[in-house]
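Chemist: To start, I am sharing the structure in question, which I have written as structure tokens.
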Amino acid sequence: MKQTIALIFLLLTALSAQAQLEAVVANMETGVPIRDAVIYTTEGVDTLTKWDGTFCLKDTFQRFTVSHPAFIGRVVDAGDFHNGDTIKLIPKEGYIGEVTVWGKKRKIEFDMKTNSVDAQLQRSTLQGFNPLGLLQLIGKKGGSSKKRNKLKEVLDNY
């Protein structure tokens, strides 16, 4: 009796194992398994590949599509697919998955010293006639009326 129960149990597990197909999705150039590739079947079932690139599907599909953002998608028919197959995807050109930047932290230095060219430029901007400066002097209170009148004449004749 125990042997028949064990035999029935083994047959049921074998039948359930046959109803599922397992495969691996890998990079065509490097052969490395692809993690998180999406598999869509024509019946509306979708699944993701595991960390090792493996996935399982029920044997009821006619066709499925394998896609990943970094790879060109691939459509597989049920007749072309066998249990344990490896599906290889072609990488897209110009796709960069992850970029790591190495460098040293820069010091921010404020140089308060001026070189000779900057000093000459500063001096040249300070020299010359400044009509707006004259307006400031006119607007000040408390200055002599003689100076104000003289400045008004200069501005009028300018």
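The values are calculated or read from the model by the stated rules, or taken from the named source; none is laboratory data. In this text, all values refer to a predicted model and were calculated from it rather than measured experimentally. Backbone-built Cβ (ideal geometry, glycine too); neighbour counts: all protein chains shown. SASA here: full protein model, heavy atoms, side chains in, ligands and nucleic acids out. Shrake-Rupley method; radii C 1.70, N 1.55, O 1.52, S 1.80 Å.
Chemist: Of all the accessible heavy-atom surface of region 33-116, with the other protein chains kept in place and a 1.4 Å probe, what percent is carbon and sulfur?
Modeler: Within region 33-116, the accessible surface is 52 percent carbon and sulfur.
Chemist: Where does the charge balance sit around Lys88 when Lys and Arg score +1, Asp and Glu -1, over other residues with C-beta under 13 Å from its C-beta?
Modeler: Values: positive: Arg74; negative: Glu29, Asp85.
Around Lys88, the surrounding residues sum to -1.
Chemist: Tell me the per residue accessible area of region 63-108 using a 1.4 Å probe; a whole number in Å² is fine.
Modeler: Accessible area per residue, region 63-108: 85 Å².
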